[in-house]
Amino acid sequence: MDNKEKIELFEKTFPFWDKMSEDDKATFIRSSSNVYFKKGTNIHNGDNCTGVILVKTGALRLYLLSDEGKEITLYRLFPGDMCIMSASCVLSTITFDVFVDSEENSECFVVGGCAYEDLANRMPEAKIFALETAVSRFSDVMWVMQQILFMSTDKRLAIFLLDETAKTGSDTVKLTHEQIAKYMGSAREVVSRMLKYFASEGILTSSRSEGIKILDKKKLRQLAL
């Protein structure tokens, strides 16, 4: 990506771009780059300040990791989305560690964390934008917590499968039981048992080769209510 393309992207992404000095703009341009992540790569581990990540292709997953190694997926990011939680040095008021993995081969555009931190310390608009962007994602986080704390597993699984089919536009979910368990913050055995129950009710079929095919969305929606 040349400087002209970077500037066009920054103008579109950062509402404070026009208020930045020419020196700050030059620093942003120098500190940013295209990065390719292979599927399964850990991009941000909570300790470092990776920077602001713009997803061009692929998908990223943000999650919490317990001391026992249990993962709770907070949300996923797709092309056109931006990850501000990976710029932890800018969000000092957020004290929990968030991890970011590439769940597909992904191409991203990364603005260096130090460059953004320096600007945010001097320019309130940059700081406010980072905080507002982070806060906007907390509705997703609270929805996840609400499901884990207050919803039954069958309802959570039904909601998850409906959300996946809505995102992909397909009645087939190409995810393993292990992946679904990670996204739901559950155990693989629990997900497998529940999928088997759904299959016995004629709601879906599940196989390693073909994935999970939804047969009766009406029944699935009733479970999600």
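The values are calculated or read from the model by the stated rules, or taken from the named source; none is laboratory data. What you are looking at is a predicted structure, and each value in this text was computed from that prediction instead of being measured. Cβ coordinates were reconstructed from backbone atoms using ideal geometry, including for glycine residues, and neighbour counts include every protein chain displayed. Please note that ligands, DNA and RNA were not included when accessible areas were found on the heavy atoms of the full protein model with its side chains. Shrake-Rupley method; radii C 1.70, N 1.55, O 1.52, S 1.80 Å.
General observations
- Across segment 66-72, rounded Karplus estimates of 3J(HN,Hα) from the backbone phi angles (6.51 cos²θ - 1.76 cosθ + 1.60, θ = phi - 60°) give 7, 4, 8, x, 7, 9, 10 Hz, Gly and Pro being marked x.
- Springs between Cα atoms under 10 Å define the GNM used for the chain, and in it the highest mean-square fluctuation of Asp97, Asp118, Asp18 occurs at Asp18.
- FRET efficiency for the Gln146 to Ser170 pair, using the beta carbon distance and R₀ = 25 Å, is estimated at 0.40.
- Full-extension gain in nm, Glu104 to Ser66, via 0.36 nm per residue minus C-alpha separation: 11.4 nm
- Cβ-Cβ distance of Arg208 and Asn42, R₀ of 22 Å, FRET efficiency by 1/(1 + (r/R0)^6): the value works out to about 0.30.
- Summed residue charge, Cβ within 11 Å of Asp18's Cβ, Lys/Arg positive, Asp/Glu negative: 0
- Taking amide H as placed 1.01 Å from N in the peptide plane, Glu104 has its amide H under 5 Å from the amide H of Gly40, Ala59, each at least 5 places away in sequence or on another chain.
- Accessible surface of segment 48-193, 1.4 Å probe, proportion on carbon and sulfur as whole %: 55
- In a simple Cβ point-charge model (Lys, Arg +1; Asp, Glu -1; nothing else charged), the chain has a dipole of about 940 debye relative to its Cα centre.
- Dipole check for segment 26-93: with +1 at the C-beta of Lys and Arg, -1 at the C-beta of Asp and Glu, and the Cα centre as origin, the magnitude is about 360 Debye.
- Gain upon complete extension [Lys219, Asp81; 0.36 nm per residue less C-alpha separation]: 46.5 nm
- Spin-label model distance (nm) - Leu131 vs Asp2, 7 Å beyond Cα toward Cβ: 4.0
- Sorting Met145, Met85 by solvent-accessible area of protein heavy atoms yields Met145, Met85, largest first, with a 1.4 Å probe.
- Annotation: amide H of Tyr75 within the under-5 Å range of Leu62, sequence separation 5 or more or interchain, hydrogens built in the peptide plane.
- Packing-based ranking of 204-215, 27-38 yields 27-38, 204-215, ordered from highest to lowest mean Cβ neighbour count within 10 Å.
- Local electrostatic count, Val111, Cβ distance below 11 Å [Lys/Arg +1, Asp/Glu -1]: +1
- Here the spin labels are modelled as points 7 Å beyond Cα on the Cα-Cβ line, and at Phe138 and Cys89 they lie 2.4 nm apart.
- Charges were assigned to the Cβ only: +1 to each Lys and Arg, -1 to each Asp and Glu. The resulting dipole of segment 81-164 about its Cα centre is roughly 400 debye.
- Residue among Ile29, Ser192, Gln179 farthest towards the positive dipole end of the chain, charges placed on Cβ: Ser192
- Pairs from Lys12/Lys38; Lys196/Lys217; Lys70/Lys182; Lys6/Lys56 whose Cα-Cα separation, in the structure shown, is over 20 Å: Lys12/Lys38
- Rounded accessible area per residue of the chain, 1.4 Å, Å²: 53
- Distance histogram for the chain (every C-alpha pair counted, 10 angstrom bins, percent rounded to whole numbers): 7, 30, 30, 19, 11, 3, 0
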